[in-house]
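Notes follow the structure.
The values are calculated or read from the model by the stated rules, or taken from the named source; none is laboratory data. Since we're looking at a predicted model, the values are computed, not measured. For neighbour counting, all protein chains shown are included, and Cβ atoms are generated from backbone atoms with ideal geometry for every residue, glycine included. Remember, those area values only see protein heavy atoms, side chains included, never the ligands or the DNA or RNA. Shrake-Rupley method; radii C 1.70, N 1.55, O 1.52, S 1.80 Å.
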Amino acid sequence: MLLLAVNSGSSTLKFRLYDMPSEKVVTKGSFERIGSIDSDYTIRVNDEKIYKKEEIKTHEDAVNTLLTELVEKGIVKKLDDIKAVGHRVVHGGVLYSHSVVITDRVIEEIEKIKDLAPLHNPAALIGIRAFKKAIPNATMVACFDTAFHQTIEEKAFLYPVPYEWYVKYDVRKYGFHGLSHQYITNRMKDILGFDGNLIICHIGNGASISAVKAGKCIDTSMGFTPNAGIMMGTRSGDIDYSIIGYIMKKTGLTYDEIDNILNKKSGLEGIAGMNDLRDIDRAYMAKESKVVLAIDMYTERIAEYIAKYYIKLGKVDAICFTAGGGENDPIIRKEVLNKLKPLGVEIDEKINDETIVRKDKEGLITTKKSSIASYVLATDEELVIAKDTFNLSK
Ligand code: ADP
């Protein structure tokens, strides 16, 4: 059965066409800069790459262009061969702890949740509507980035603010990157042979850490919004909220301007003036002082969360690193694991240096003596979407 896994961002649409249940990726690609005259798209089939630079005005245009290409290139015979479309939806609020088949009611609910995710959910809705119109017979499924974290208990998801804010306005920790944390949890079950106690570090440009007890999430570092928890590429993560009011008074900047700075110009970018770990690593090797400081701050915050979750879990079977940085950056992993020496963690530096997912190598990076094993694993959010979509449309 052919199905599409789709990730619609505010100006992007990424997709993979799967043949299920074999999990074979038939084709994949992305539309970038939708809505700008610079838009372009790439579709990959086996070793062939179709690249076109043309104006894609809306997500609906992107969907129609994609479907036309799939038929014209003979990738699918007719559109009705695509039996289902799974959509990544960033925010499922408190309503969704699993993926669901999209009905009119689900669309309404995602609409309502958009106050909580003003940048993300509207893009997903545009994608859902565009596919519904283009292939009305396909089953549509929503896969939420918050769903995996819905097992977190009240004492961990509540903020110590008036309880009424939670009751009236849904102020609580939601957590994000759930599809990735879910995927790594499943992979670790295959590796360990049981549902383990895990600390999962998703280190991309956005970054989050989850504590997973016997396969269920019990805490995560992102919160009411993705700008919580550890320091990230361009996000501050946790800060003393009073800084916002203070800087507003000092500079005359508005709340929205400061919010933008805390999301887009803080974190590694704020301290080191760059946010891509590849650039950061080069500057770190050259011992640029701001970059050395930024890496120290960055890895200290990751190590602090790991230590905190170690206490919560009691026994930890594995610390896992995933996403762009976690998969490919031995420097960050080494700095983090060395900061965990007091817990008895011991990295195998040679294996860590060689373990780079981009070079097709994943696996264990700690020594036999290490008190906790640490693994590097490639995440696959699209596969989680594909599997859930397949199971719900059977
Ligand atoms: P996001 O979806 O948040 O953009 P990704 O999981 O795609 O995150 O990760 C992107 C980040 O991964 C980049 O910003 C970069 O910091 C890091 N990264 C990617 N490749 C490498 C590499 N080869 N070495 C070090 N870091 C890398």
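Taking every protein chain into account, the 1.4 Å probe leaves Lys341 with about 130 Å² of accessible area, to the nearest ten.
Here the Debye sum runs over all C-alpha atoms of segment 257-325 as equal scatterers in vacuum, and log10 of I(q)/I(0) at q = 0.22 Å⁻¹ comes out as -0.98.
For segment 241-387, with the dipole built from +1 on Lys and Arg beta-carbon atoms and -1 on Asp and Glu ones, taken about the Cα centre, which of Val384, Leu293, Ile331 lies farthest toward the positive end? Farthest towards the positive end: Leu293.
Accessible area of Tyr159 (1.4 Å probe, protein heavy atoms only, ligands and nucleic acids ignored): about 80 Å². Per-peptide packing, taken as the mean over residues of other Cβ atoms within 10 Å, places 162-172, 114-124 in the sequence 114-124, 162-172 from highest down. Share of pairwise Cα-Cα distances greater than 14 Å in segment 34-99 is 69 percent (whole percent).
Rolling a 1.4 Å probe over the protein heavy atoms of segment 238-381, with every protein chain left in place, gives an accessible area that is 54 percent carbon and sulfur.
Evaluated at q = 0.11, 0.18, 0.19 Å⁻¹, a Debye calculation over the C-alpha positions of segment 1-154 (equal weights, vacuum) places log10 I(q)/I(0) at -0.42, -1.08, -1.18. Each residue, Arg129 and Val101, gets one label point 7 Å from its Cα in the Cβ direction; the gap between the two is 2.4 nm. Rounded to the nearest 10 degrees, what's the angle between the helix 59-72 long axis and the longest principal axis of the chain, both from Cα atoms, 0 to 90? Helix 59-72 and the main axis of the chain meet at about 60 degrees. Accessible surface comparison of Glu257, Glu111, probe 1.4 Å, protein chains only, largest first: the order is Glu257, Glu111. Kirkwood radius for segment 224-350, taken over all pairs of different Cα atoms as the inverse mean of 1/r, rounds to 15.9 Å. Note that segment 369-381 has calculated 3J(HN,Hα) couplings of 6, 4, 5, 10, 7, 10, 10, 10, 9, 6, 7, 8, 5 Hz, one per residue in order, obtained from phi through the Karplus relation 6.51 cos²θ - 1.76 cosθ + 1.60 (θ = phi - 60°); glycine and proline are x. Computed in the context of the full set of protein chains, the accessible area of segment 88-221 at 1.4 Å probe radius has 54% of its extent on carbon or sulfur. Residues in the chain average 48 Å² of solvent-accessible surface per residue, probe 1.4 Å, ligands and nucleic acids excluded. Secondary-structure-derived ellipticity at 222 nm for the chain, considering helices only, amounts to -12000 deg cm²/dmol, per-run term -39500 (n - 2.57) for DSSP H runs with n ≥ 4. For segment 1-84, which GluC sites (Glu not before Pro) pass both filters: DSSP loop (anything but H, G, I, E, B) and at most 10 other C-beta atoms within 10 Å? Within segment 1-84, the qualifying GluC sites (Glu not before Pro) (loop, at most 10 other Cβ atoms within 10 Å) are Glu54.
Based on the Cβ-Cβ distance of Ile311 and Thr254, what FRET efficiency does E = 1/(1 + (r/R0)^6) give at R0 = 56 Å, to the nearest 0.05? For Ile311 and Thr254, the calculated efficiency is 0.90. Gyration tensor analysis over the Cα atoms of the chain returns equivalent ellipsoid semi-axes of 33, 25, 23 Å (largest first, whole Å). Among the listed pairs Lys53/Lys83; Lys250/Lys290; Lys133/Lys168; Lys173/Lys265; Lys264/Lys287, those whose Cα-Cα separation exceeds 27 Å are Lys53/Lys83; Lys133/Lys168. Note on segment 7-57: with neighbouring protein chains present and a 1.4 Å probe, carbon and sulfur make up 43 percent of its accessible heavy-atom surface.
Between the beta carbons of Asp40 and Tyr163, assuming R0 = 56 Å, the FRET efficiency works out to 0.70 to the nearest 0.05. Remark: accessible surface ordering of Ile128, Ile37 (largest first) is Ile37, Ile128, probe radius 1.4 Å.
Shown are Lys24, Lys133, whose ranking by accessible area with a 1.4 Å probe and every protein chain present, most to least, is Lys133, Lys24. For segment 86-171, a crude dipole built from +1 on the beta carbon of Lys and Arg and -1 on the beta carbon of Asp and Glu, taken about the Cα centre, is about 380 debye to the nearest 20.
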